[in-house]
Amino acid sequence: KGFATAGHCGNAGNSVRVANQNVGSFAQSSFPGNDRAWVQVGSAHTLQPWVSNWSGGNVVVRGSTEAATGASVCRSGRTTGYQCGTITAKNVTVNYAEGAVFGLTQSSACAGVSTIGSLSLKLVFSSTGTPVIRSNSEMRR
C-alpha cells in the first residue's frame, strides 16, 4: 500500500516522515523528465482517503480521472493551503535547473511563491474531490 507524490520530493529509498514519525519510504521516484513517485507505507500505518483543507478539516478524495481543459480543480499544499481554480492548459513543459518536466497540467489554482512560477503543479482534485493530475508539490529535493 502507498500513495503517489511528486518525484522531486525524494529519491528511491528515502524515508518519509509524517508528524516526525517514519511512515514508509520512496519505492520509486522520477525527476526530471516526469515528476512522479510512489511512497510505500508500512503495515502499521493506515492511509486515509482525504487531503487537508488547511483550515482544520479535510476534503475526501473519491477516485481518479483525467479532467479536461476548463474543468474545475482544487489542490492542497502545505505552504499555500487549499485552493481551487480551473485547468488552463495541458501537456505543459517546465524547465528546471535539473532538467525539463513534460506533460504537466497548468491551472489557475494559485501555486504560491514557494512553488514553481504561476503553474499549479500539485496533486490536484476536481470539485467533487477526485484527483485529476499529479505534478509538483511544494517540496524540493
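Quick notes on this structure:
- Nearest-20 debye value, segment 23-108 charge dipole, Cβ charges on Lys, Arg, Asp, Glu: 160 debye
- Ranked by how many other beta carbons lie within 10 Å on average, peptides 14-21, 50-57 from highest: 50-57, 14-21
- Label positions at ALA89 and VAL18, each projected 7 Å from the Cα along the C-beta direction, are separated by 3.4 nm.
- Relative contact order (percent, whole number), segment 1-83, Cα cutoff 8 Å, 6+ residue spacing: 23 percent
- Pairwise centroid distance, computed over Cα atoms, of segment 59-83 with segment 1-50, Å: 19 Å
- Amide H within-cut-off set for TYR96, under 5 Å, with H built and near neighbours excluded: VAL101
Since every read-out is calculated from the coordinates, none of them should be taken as a lab result. Being a predicted model, the structure only gives us computed values, none of them experimental. FYI the Cβ positions are ideal-geometry reconstructions off the backbone, even for glycines, and counts take in every protein chain you see.
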